[in-house]
């Protein structure tokens, strides 16, 4: 019997294990997971933390016992994989109590995910200073909030996790103070400015261009130091990003790619044909540029796990890549993006043109509408649509999917402007805001064409 070993029991790992069990019942499947948690909704943690009445275990999609008893997967929680011996096809691991174990494999999947960035500063290991990446982190934060009187929270980082935890703390009646080197990097300046202004209106204390240099105990509380500025709080959340958990692969001589992620082809194979990788530890191809990128995405992790299962014996499922489509909610605001911003487009060799338009989410005569801002980016040379960003209190999250499909299809701006999008007064003006943005972008692109024709 052939042995398929998986390192990592989260989205990619368990998706692969379940699909292999369905389609390749002849394979022996072993999953090594260092924690006690598998198959849970990590993206739901900020919303769970915001509700003290909800148990953190509610985020578990499928318990370990189900994988073991109903699917026949040898799921070993509390097992820390340490190294990969590719020559002998063995994974060396520590079991419960530190017992040294070896697991032989014919095929191997590395699905070790990503690690939270914890800056190398004094005080980062103080009690009450915590990241939010794994379910255990959510468990720790929820317990800390229940056991301590928290009036003020300091969030280091103004990315997605920082924004979502900002709302979670605020819903708990906690004052929020945020500090970071930048604000929503990757977003168009006007779009980011709308979010920044909105947060200020919600009473959030923002300290942009303020990298925290140290954390200390001061008068029984925590103090984050940023130059001469001291930001006091009762809890400090570190949300400055994640990095690929690829060290074990690198030590085994497996090729790494962009940003230190494990390099994989479209079939999820690494530089070793018997070793696959999927999830947040692996890179991907960008559908707009065709180049390798590292953008950790939940859907990509699950889809990658499926592809690995399909491709264990022969190449069956090829993945096109990612557009970097994402969305987050901050209070009543939806902030969404897909594809490239203007700077990224220029760095990729395009000649970008961009617009930012303001419209309404509903027909002007229909009550309850809200302002909506759309940023659209296109290539002046080919007319191709390169990216879009949307912010509004309604309609941004689902609108962005149309732009994502357009990017996957390689549409140009003129073709997108001709799309037959749904219209009814409660949902959109006759000219959807995305179409308005596309029409304005066409003018920007034609400015270059007209100039060349003079």
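Meeting the requirement of 1 or more residues that are out of contact with any strand residue (DSSP E or B) (no Cβ under 6 Å at 6 or more places or on another chain), the strands (runs of 3 or more DSSP E) wholly within region 1-117 are 80-85, 100-104. In region 162-171 there is no residue that is assigned to a loop (DSSP other than H, G, I, E, B) and touching a residue at least 24 places away in the same chain (Cβ under 8 Å).
Against the numbered list (1) crowded, with 17+ Cβ neighbours inside 10 Å; (2) closer than 28 Å to residue 8 by Cβ, residue 145 comes up short only at (2). The listed residues are 441, 435, 407, and the only one of them that is modelled with pLDDT of 95 or more, assigned by TED's automatic domain parsing to the domain that holds residue 342, out of contact with any helix residue (DSSP H, G or I) (no Cβ under 8 Å at 6 or more places or on another chain) and assigned to a helix (DSSP H, G or I) turns out to be 407.
Since residue 298 meets every condition but one in (1) within 29 Å of residue 181 (Cα to Cα); (2) in contact with a helix residue (DSSP H, G or I) (Cβ under 8 Å, 6 or more places away or on another chain); (3) buried (at least 22 other Cβ atoms within 10 Å of the Cβ), which condition does it not meet? Every listed condition holds for residue 298 apart from (3). Consider region 213-241 and keep the residues that are assigned to a loop (DSSP other than H, G, I, E, B) and in contact (Cβ under 8 Å) with a residue 24 or more places away in the chain. The one that is farthest from residue 185 (Cα to Cα) is 234. Filtering region 266-302 to residues that are closer than 24 Å to residue 43 by Cα and either outside the structural domain of residue 109 (by TED's automatic domain parsing) or free of Cβ contacts under 8 Å to residues at least 12 places away in the same chain (or both) leaves only 299.
Looking at region 228-245, which of its residues are buried (at least 21 other Cβ atoms within 10 Å of the Cβ), over 14 Å from residue 130 (Cα atoms) and under 27 Å from the mean Cα position of the chain (by Cα)? Of everything in region 228-245, those that are buried (at least 21 other Cβ atoms within 10 Å of the Cβ), over 14 Å from residue 130 (Cα atoms) and under 27 Å from the mean Cα position of the chain (by Cα) turn out to be 244, 245. Within region 362-379, being crowded, with 19+ Cβ neighbours inside 10 Å, within 24 Å of residue 186 (Cα to Cα) and over 23 Å from the mean Cα position of the chain (by Cα) holds for 372, 378, 379.
Scanning region 380-397 for residues that are without any contact (Cβ under 8 Å) to a residue 40 or more places away in the chain and either under 24 Å from residue 197 (Cβ atoms) or surrounded by 24 or more Cβ atoms within 10 Å (Cβ to Cβ) (or both) yields a total of 0.
Summed over region 1-21, the residues that are in contact (Cβ under 8 Å) with a residue 60 or more places away in the chain and farther than 11 Å from residue 75 by Cβ give a count of 13.
Report, by residue number, each residue of region 288-313 that is under 22 Å from residue 28 (Cβ atoms) and within 15 Å of the chain's Cα centre (by Cα). Result: 304, single match.
Of the residues making up region 332-345, at least one is in contact with a strand residue (DSSP E or B) (Cβ under 7 Å, 6 or more places away or on another chain), within 23 Å of residue 291 (Cβ to Cβ), surrounded by fewer than 23 Cβ atoms within 10 Å (Cβ to Cβ) and not assigned by TED's automatic domain parsing to the domain that holds residue 297. Among the residues making up region 118-144, those that are in contact with a strand residue (DSSP E or B) (Cβ under 7 Å, 6 or more places away or on another chain) and not in a loop (DSSP other than H, G, I, E, B) are 122, 129, 130, 131, 135, 137, 140, 141, 144.
The values are calculated or read from the model by the stated rules, or taken from the named source; none is laboratory data. Just so you know, these numbers come straight off a predicted model, no measurement behind them. Using ideal geometry, Cβ is built from the backbone for each residue, glycine included, and neighbour counts are taken over all protein chains shown.
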